[in-house]
Amino acid sequence: MTKYWQSSWHKALLFLLVVVLSSCRQDIESATILNYNIKYILHKEMPSLAISVSFTSKNTDYAWVKLPSSWANQNDLLSKVSRIEVEAPARLINTEYNDKILIAHGTKTEVKFRYTFIPGPKLPVNNAFFPPLINQESLHLIGALFLAIPLIFSGDVGCKFHWEVPDSWDFASSFGLGTDLISSHVNYEFLSKSLFVGGLMRVHHAEVSGQAIKIIMKDKWSFVDEEFISMVKKIIYESQQLFGALDTPYFLVNIMKNNTNNNSVHGVALTNGFSVMASSKSNLQEHFGPVMAHEYIHNWNGGKITNHDSTGEGGYAWFIEGFTEYFSWIVNLRAGIWSPKDFVNNYNQTLYEYNNSLVNTAPNDKIEKGFWRSHELMRLPYIRGALIARRWDALMRNTKKGHLIDLMRALIANMTESTFGLTRQLIESEAKKIIDYDFGSDMQKYAIEGQKIPVDAHDLGPCMSMVVHYQAPLYERKDYYFKLDPAQWNSLQHLCTTYLN
């Protein structure tokens, strides 16, 4: 009896081991169906990339490949792609679509093609939003700018990268550190928004709430690295306290200089990270804090909360960008990067910018059409949405029934259960669960039609008083700003602080 049990147990274990190993082998094989080999080639003044791509398309005899053509305000990316060659037996089919190629191949056949990417002369950063940068010392690339991506995604697929760069370089990406990278779960958006940085860099390692943070720094700044790292950790921690844990085990933060002489700081949220370009004159507390918090919060608002109900970039920008802008203020206040006075000053600056904007009454469809064509129209949903967010947050706080963050958490939870994405109806229904207010009317009037957003004297709580300033010479237009009341602050500091954050 005992011998039979042992024999059966061993056979069962052996069978299970064979099944598991077979399953693992199949998972590995199916997970590595997209491969990139990228070689950095340094010419005297025109560095380039030689890119080889291979993939397996299992269910069809042809595959579309999306070429880099446009991203943000850059519309000339296709001109940087040359020498496209498809390896036999697959063949390239000419098509009428200039931003895609069609490759014919056999079913379950590995397809191989290659091309050259030459970014050309360095573009002024203030004329292009994070252009592809490759030079003798470093590279900074976003996937949509240089990757030809096979459209083979029925779901997430496996992907490998191998980069050939100088041995002296450090290298980091949305996939992790190092030049050999692998992920078993990528899709088109993952690759389009992936970040790749290489060069002579300072790589710092940090951890926040169990999440590994890699911080890439280059150049010299007006602050030391440790100050920047401390700010990053505070922003990440406070953001996660507001929105919940971020379910990515790895996060990349990249900071690099642009070529402007002002205090400009620009950021972009990417796959498993964000990148910041700034002037060397930019102040860490004043300029970096809001931008980094903004980009990190996009992991939730814009990442988990998505806007499928819009055909253009600007359609829901008042919510995705504007509400993110508002919560970046709260994160900076909670993190101790800003004082309450800094919060009020920034709110006043936003009011001033809104009141003095030449397009502040533009309807939302105009923003949607001109988002990347006009700086004023691009900026408007940020300030318009931030003021709507503060208006709603103040309404909720005044009733003592909740805060605006409760709405954001509800929308995030809804996104995990629904594939329909963000809609005005969803925003209204979830907001009304907090307080009984006509949020739909607010959205229609202020976000969609572009009517002027009213400012209430109680928007910033009992320690802030509102001042109305009438503009000369006709005194027809009113500007508003708030100031901290020292007496009220001394007696109600705790209440007033919690009212803001």
Practice problem: Determine if region 458-472 includes at least one residue that is modelled with pLDDT of 95 or more, surrounded by 13 or more Cβ atoms within 10 Å (Cβ to Cβ), outside any loop (DSSP other than H, G, I, E, B) and in contact with a Phe, Trp or Tyr (Cβ under 7 Å, 6 or more places away or on another chain). | Solution: no
Quiz prompt | Residues located in region 159-173, provided they are touching a residue at least 60 places away in the same chain (Cβ under 8 Å) and more than 22 Å from the chain's Cα centre (by Cα) | solution = 160, 162, 163, 164, 165, 166
Practice problem: Tell me which residues, restricted to region 366-417, are among the hydroxyl-bearing types (Ser, Thr, Tyr) and over 16 Å from residue 301 (Cβ atoms). | Solution: 374, 399
Exercise. Go over the candidates 343, 327 one by one and state the one that is of a type in the set (Phe, Trp, Tyr) and over 16 Å from the mean Cα position of the chain (by Cα).
Key: 343
Quiz prompt | Any pair with Cβ under 8 angstrom, 6 or more apart, that starts in region 263-287 at a residue that is part of a helix (DSSP H, G or I) and ends at one that is at pLDDT 85 or above and small (Gly, Ala, Ser) | solution = 284/222; 287/278
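Residue by residue, here is whether (1) under 30 Å from residue 135 (Cβ atoms); (2) at pLDDT 95 or above holds:
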position	(1), (2)
234	no, yes
239	no, yes
245	no, no
262	yes, no
274	yes, yes
279	yes, no
285	no, no
Quiz item: Exactly one of (1) farther than 25 Å from residue 287 by Cα; (2) surrounded by fewer than 23 Cβ atoms within 10 Å (Cβ to Cβ); (3) modelled with pLDDT of 90 or more is unmet by residue 367. Its number?
Solution: (2)
Quiz item: Can we say residue 254 is over 30 Å from residue 485 (Cα atoms) and assigned to a loop (DSSP other than H, G, I, E, B)?
Solution: no
Quiz item: Considering region 189-245 alone, what residues qualify as being within 20 Å of the chain's Cα centre (by Cα), in a helix (DSSP H, G or I) and more than 24 Å from residue 411 (Cβ to Cβ)?
Solution: 191, 228, 229, 231, 232, 233, 234
Quiz item: From 169, 163, which residue is at pLDDT 95 or above, surrounded by 19 or more Cβ atoms within 10 Å (Cβ to Cβ) and of a type outside the set (Gly, Ala, Ser)?
Solution: 163
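The values are calculated or read from the model by the stated rules, or taken from the named source; none is laboratory data. No experiment lies behind these values; they were computed from the predicted model shown. Positions of Cβ are generated from backbone atoms using ideal geometry, with glycine treated the same way; all protein chains shown enter the neighbour counts.
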